[in-house]
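Read the structure below first, then the notes.
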Amino acid sequence: MANSSANNQLIKLEDLHKFDNFEVLAKQVVEGTIIGLHKSPFHGFSVEFAEHRIYNNGDPLKNVDWKVFARTDKLFVKRYEEETNLRARIVIDTSSSMYFPEPENNDRDVPFTKLGFSIVSAAALMHIFKKQRDAVGLSIFNDKVESHTKTRSTTVHHRLINATLEKALNNKDRGVKTGAAQCLHEIAENTPRRSMVIIFSDMLENQENADAVFSALQHLKHNKHEVILFHVVDQQKEVEFAFSNRPYEFIDLETDERVKLESNQIKDYYFKKMQEFKKALNLRCAQYGIDLVEADINKDFTQILIPYLNKRIKMG
């Protein structure tokens with residue numbers, strides 16, 4: 001699998017105003033990503049790839065797309081409307097920790113906050129769902145479930161979801177805590193039909209609540225949903241703790257708690273705790289059959305779209 005322009009974002013947060021709406025933005029992200037795929041199962045596909053699936057023995061030859069075969073030397077059949085019946089639910093964590101790194105304190109060329117990256121990724125997936133005529137719903141949560149739409153495939157519904165995403169992107173509220181465990185249980189209860197549930201979250205719940213969060217993830221799997229958890233992080237700062245050895249004031253975006261210290265005073269301890277947290281998250285997701293994908297906001301959108309496309313192909 002090729003990584004298109006490794007650390008190159010296709011779009012930066014400050015450029016979003018150039019797009020009339022999220023649908024145009026999403027198209028730009030998806031087209032740019034597909035163009036950048038060189039050696040992958042999707043080589044030779046145009047942005048219309050969503051209308052095809054891999055040929056299986058016994059499929060009628062009349063459904064083979066010979067134009068795609070001529071370009072790729074691979075057999076694909078045209079996917080018809082009755083085959084594109086995936087039900088998907090996008091779940092986005094909008095608690096205040098997802099606003100990191102705040103633009104005014106961003107000393108690097110990081111184009112997105114974690115929330116901004118999640119929302120643009122969701123818009124790109126929405127563009128794919130629309131082309132596949134798949135039904136999709138959106139859930140937004142922080143300390144409570146702020147939005148939980150129905151699951152539909154109509155154009156009006158897609159516009160409603162895109163407007164909700166845009167509103168969340170422009171929200172300036174801070175000091176909002178997360179209640180991931182309670183909210184994910186509620187979302188599981190209110191998603192009655194089997195769906196692909198795609199979660200964007202930094203999973204930064206209080207450690208005392210870790211077991212409750214894992215229980216909520218298990219609830220989704222118990223209800224027979226396919227789950228992809230995109231663990232959205234700033235790899236450089238939040239995982240590697242790559243701060244210069246000088247005094248900083250570290251601020252908890254959810255509680256506004258502040259502490260002043262030099263980064264090297266806590267770097268080893270922080271790194272150890274973060275590795276323990278990631279190990280536990282990986283272990284639980286593996287136990288529950290949840291696809292866990294580390295999504296680094298410093299990288300491009302292939303890390304979101306390729307895991308989804310692979311999952312979709314596996315689901316048939």
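Before moving on, here are some points about what is shown:
- Check on HIS222, in contact with a strand residue (DSSP E or B) (Cβ under 6 Å, 6 or more places away or on another chain), of a type outside the set (Ser, Thr, Tyr) and closer than 17 Å to ALA181 by Cα: no
- Checking LYS299, LYS279 one by one, the residue that is among the basic types (Lys, Arg) and surrounded by 13 or more Cβ atoms within 10 Å (Cβ to Cβ) is LYS299 and no other.
- Flag for GLU205 being crowded, with 20+ Cβ neighbours inside 10 Å, among the acidic types (Asp, Glu) and at pLDDT below 90: yes
- Failed item in (1) in contact (Cβ under 8 Å) with a residue 24 or more places away in the chain; (2) surrounded by fewer than 20 Cβ atoms within 10 Å (Cβ to Cβ); (3) of a type in the set (Gly, Ala, Ser), with ALA123 passing the rest: (2)
- Filtered by the rule that a residue be closer than 30 Å to ASP300 by Cβ and among the charged types (D, E, K, R), the range 213-240 gives LYS221, GLU226, ASP234, LYS237, GLU238, GLU240.
- At least 1 residues being over 18 Å from the mean Cα position of the chain (by Cα) and of a type outside the set (Phe, Trp, Tyr) is the threshold, and among the strands (runs of 3 or more DSSP E) wholly inside the range 172-281 those reaching it are 247-251, 258-262.
- Any chance GLU294 is open to solvent by 30 Å² or more (accessible area, probe 1.4 Å), in contact (Cβ under 8 Å) with a residue 12 or more places away in the chain and under 21 Å from the mean Cα position of the chain (by Cα): yes
- Of all residues in the range 78-104 being hydroxyl-bearing (Ser, Thr, Tyr) and open to solvent by 10 Å² or more (accessible area, probe 1.4 Å), the one that is modelled with the lowest pLDDT: TYR80
- Hey, ASP268 modelled with pLDDT of 90 or more and loosely packed, with under 13 Cβ neighbours inside 10 Å or not: yes
The values are calculated or read from the model by the stated rules, or taken from the named source; none is laboratory data. Just so we're clear, the structure is a prediction, and the values are computed from it rather than from any experiment. In this analysis, Cβ positions are derived from the backbone assuming ideal geometry, glycine residues included, and neighbour counts consider all displayed protein chains. Areas reflect the complete protein model, heavy atoms only, side chains present, ligands, DNA and RNA absent. Shrake-Rupley method; radii C 1.70, N 1.55, O 1.52, S 1.80 Å.
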